[in-house]
Amino acid sequence: MLLASCAFLRAEAQTSQSLIQYVEPRIGTAHCRSFHFAPGSMPFGMAKPGPSTNGSLGNADGWQATGYDYRDTSIEGFVCTHEFQVGGITVAPSTGQLRTLPGNPDGTGPKGYRSAYSHDQEYATAGYYQVMLQDYNINAEVTATDRVAYLRFTFPESKSSHLIFDIGHQQGESGKVKDSEVWINEDGSVEGWVVTLPEYIKKYQPGADQRIYFSAIVDKKPTKGGVFNGNKVSENQTYAHGIGAGAYLDFNTSKDEQITVKVGISYTSVQNARINLKAEATGVSFDEAKAASQKAWEEALGRIIVEGNNQDDLKKFYSGLYHALLGRGVMSDVNGAYPKHNGTIGQVPMEGGKPKYRMYNTDAMWGGQWNLTQLWALAYPEHLSEFVSSTLQEYKDCGWLADGLANSKYVSGVGTNQLPLMIDAAYQCGIRDFDLELAYEACLKNEMDGKNRPQGAGKDDTADFVELGYAPHKELGERGEDFYFSGSHTLEYAFSAYATAMLGKSLGKTQDYDKLMWMARGWERIFDEKTGYMHPRLRNGEFIANFDPMQVWRGFQEGNAVQYTFYVPHMPEELIKKVGEDEFNKRLNDIFTASQPQIFSGGKEIDAFAGLRTYYNQGNQPCLHISWLFNHSGRPDLSQKWVRAICDEFYGTDGIHGYGYGQDEDQGQLGSWYVLAGIGLFAVDGLTSPEPEFSIGSPIFDKVTIKLNPDYFKGKEFVITAKNNSKKNIYVKPSKLINGKKSKAGSIKFSDVTNGGTLNLTMSKKP
């Protein structure tokens, strides 16, 4: 207890004047995805070390919560990679009897090498994690460079201290192990690889697999070692392969002796893992790596400085910003090598002896246009540019924009492929240092081409949508899953067609504009004026029978018709006109009033999909723009009211109540939504329109300073002030001052923000 407490105090002292003091990675980690919790990571890092409590259990369908669960009471080891459909390379310390299996988190069966722990003896922040393993009296710490995981263990006095390298077991979302290999070199370094079969790869790119390579060095010479396969131990042997393969090193340790392990990671080869290790970790101690990581996080978080006195709000804000910079990690090596779609090794183009950009892993960009894209465009344009270039490189390799990728392998996502929204938004925001011709080609093909389209590219029903202007409905079992989501597909395809139309028009590619804009009006073809809901249609034009607007998974993916009726982000005014402004405002306000007792989601039910059969669900992507629609219907005060309420009530600060209760903090999207709400800026269309603009909301903080990247924008910084701001004074008075000039408009151009200046708001108790 004393050791852990001291470590906590040291960390607190180091960050007392910093932003990382507000980052709490454990927020919402009850029932969270594997990539949600990797506190040792750098921003957008490849190496993402962190503890695992239940990751070895895997998951049946590839998407379930697994890895670290706040409610668990034991830790089974420290996993060096946490990514969508990627996970593995576990290092676990122990003393006493050698155990080579992790054991079960519920305590049943053989004990395994896992250890009990307590949150009282645990500390997590951006770039660093520490915990006391109570069974062994070992203090464990992790940090990382971009591609090297650092693990430091403080041992008790023992003649039987162990480091276990568990390579051949499933970890997190990685999928079942196909094969693995591990060996101990003469110098005591441990190397190897693991091949897994993630469930999404099995589904969307049959025959492909997932590969992780590593090279690990230890700063103390072992007394002996060996290898194992499952629970079969081969003492003094140096090589093992197959499912369950691993290695171990034994040590004599004195009291409080520290042993540091540096694990170089690569997705291309052991050789490149060595190169990554040498380039990033040579002569760099654990404390130096930790300091560099936290400096990087301070810089990244410091792009947006918020000022206020409410500590919970600060914690929510910077933890959300942290997640927005964590969920998508680099997959290319320091030399620009990266794993290609076809299983070979690709090479990023070089410039000045360095890779021009980094390649990234990504889940689908579903919903990201409202959150990640906006935030990256505003505060991290260099990353958005790099991400677009990475996406276009994948297009060149695959022939299609991929709906989702894990180390370049198709993992789809939700089948709707929203990447054109991100690409167009980057262009419209002035981020244009990527191949524009290729970008339009890729986006146009994504919207228009349904011939021989691989499932991993999403949009299986593209040909039907292009022909009919809507996705025709089929019931579950009649054809692939994409077709019984016809309603949501129609709406999402219409949105991305609009983005591609805007990109093409901006680039002078007008030949396809009329067709794309006709497709962008697909939402009108499924709007039922009799009921006022989006209503899926059959191919013959008839609305589906036995229609229940609250029904989930029939016509609508991860939502229902009540929620999806508001999904016209590119033409909100036209939707409002069709419904009628007064009726629209009444209906939407009633929805939020009814949803508030359920915490704007599924109440306190701990499940990613808890809020699907509700009027509104902040815990899932289809709803994330809805509270901002009042800005387009003449009632900005209602957006101010409800966005504030969601921030205060849906979002929490502990392990269970974080993003709702067990809701899906999917690649940082819920966290980034809070950031945008916190600064009072949001674009319903995801910044996809020419001359994009933000709606002005109700900032949570008294002052917001956004530091702008001079490589992309004219301004140095943009400052938002909220005079008389409080938990009660949530309404923005109509008159605003933008750079000293009065404005009554409820919006501000993106270019006015990035040109630098101030937005001065005065807050009031009354609308």
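Evaluated at q = 0.09, 0.16 Å⁻¹, the base-10 log of the normalised Debye intensity for region 2-301, with identical point scatterers placed on the Cα atoms, takes the values -0.38, -1.34.
I'd like the orientation of helix 669-679 relative to the chain: the angle between its Cα long axis and the longest Cα principal axis, in ° from 0 to 90, rounded to 10. Around 60 degrees separate the two axes. Where in region 523-598 are there trypsin sites (Lys or Arg not before Pro) that are in a DSSP coil and have at most 16 other Cβ atoms within 10 angstrom of their Cβ? Those satisfying the criteria are LYS530, ARG539. Volume per residue for region 638-767 equals 124 cubic angstrom (convex hull of Cα atoms).
Taking amide H as placed 1.01 Å from N in the peptide plane, the amide H of SER332 sits under 5 Å from that of MET359, each at least 5 places away or on another chain.
Charge tally around VAL142: other residues with Cβ under 10 Å, Lys/Arg +1 each, Asp/Glu -1 each, net +2. Principal-axis analysis of the Cα atoms of the chain puts helix 486-506 at an angle of about 80° to the longest axis. If you wrap the tightest convex hull around every Cα atom of region 389-447 and split its volume per residue, you get 78 Å³. Which whole-number percent of Cα pairs in region 489-586 have a distance greater than 16 Å? That tail contains 59 percent of the Cα-Cα pairs. The string of couplings for region 458-467 from the Karplus curve (6.51, -1.76, 1.60, θ = phi - 60°) is x, 6, 4, 9, 4, 4, 5, 5, 5, 6 Hz, one whole number per residue in order, with x for Gly and Pro.
For the chain, the calculated P(r) over all alpha carbon pairs, in 20 Å bins from 0 to the bin holding the longest distance, is 17, 51, 28, 4 percent. From the cross-link list LYS396/LYS714; LYS48/LYS409; LYS356/LYS396, which pairs have alpha carbons spaced over 22 Å apart? Correct reply: LYS396/LYS714. The phi-based Karplus calculation (6.51 cos²θ - 1.76 cosθ + 1.60; θ = phi - 60°) puts the 3J(HN,Hα) values of region 184-190 at 10, 7, 4, 7, x, 6, 10 Hz, whole numbers, x for Gly and Pro.
Applying 0.36 nm per residue to the separation of GLU235 and LYS744 and subtracting their alpha-carbon distance, the gain on full extension is 175.6 nm. Total lysine pairs in region 217-313 at Cα distances under 15 Å, for residues eight or more apart or on different chains: 5. Hydrodynamic analysis of region 261-358 uses the Kirkwood radius over alpha carbon pairs. Inserted into Stokes-Einstein at 4 °C and 1.567 mPa s, it gives a translational diffusion coefficient of 80 µm²/s. Distance between the pseudo-spin-label points of VAL719 and THR73 (7 Å out from Cα toward the beta carbon): 5.3 nm.
Once divided by 2.2 N^0.38 Å, the Cα radius of gyration of region 94-199 becomes 1.19.
Restricting region 615-644 to chymotrypsin sites (Phe, Trp or Tyr not before Pro) that sit in a DSSP loop and have at most 16 other Cβ atoms within 10 Å of their own Cβ leaves nothing. Close amide H contacts of ASP135 (hydrogens built in the peptide plane, cut-off under 5 Å, sequence separation of 5 or more or a different chain): ALA116. Around the Cα centre of the chain, unit charges on the Cβ atoms of Lys, Arg, Asp and Glu (plus for the first two, minus for the last two) sum to a dipole of about 1240 debye. Local charge for SER747 was computed over the other residues whose Cβ lies under 13 Å away, with Lys and Arg +1 and Asp and Glu -1, and equals -2. Legend: calculated FRET efficiency, LYS515 to ALA291, from the Cβ-Cβ distance at R0 = 51 Å, rounded to 0.05, equals 0.40.
Positive-end ranking of GLN551, ASN585, GLY172 along the dipole of the chain, with charges on Cβ about the Cα centre, is headed by ASN585.
For region 539-693, rounded, prolate or oblate, judged on the Cα gyration tensor with a ≥ b ≥ c (square roots of eigenvalues), a/c < 1.5 rounded, else prolate if a/b > b/c? Provide the component values of the computation, followed by the final result.
Working: a/c = 1.59, a/b = 1.13, b/c = 1.41.
Oblate, since a/c reaches 1.5 and b/c is not below a/b.
Taken one residue at a time, the phi angles of region 726-741 give Karplus couplings (6.51, -1.76, 1.60, θ = phi - 60°) of 6, 5, 9, 8, 9, 9, 8, 5, x, 7, 10, 10, 10, 6, x, 9 Hz. Gly and Pro are set to x. Within a Cβ distance under 11 Å of GLU24, other residues only, what is the Lys/Arg minus Asp/Glu net charge? Once all neighbours under 11 Å are counted, the net charge is +1.
No lab work stands behind these numbers, since they all come straight from the coordinates. Values in this document were obtained by computation on a predicted structure and should not be read as measured data. Backbone-built Cβ (ideal geometry, glycine too); neighbour counts: all protein chains shown.
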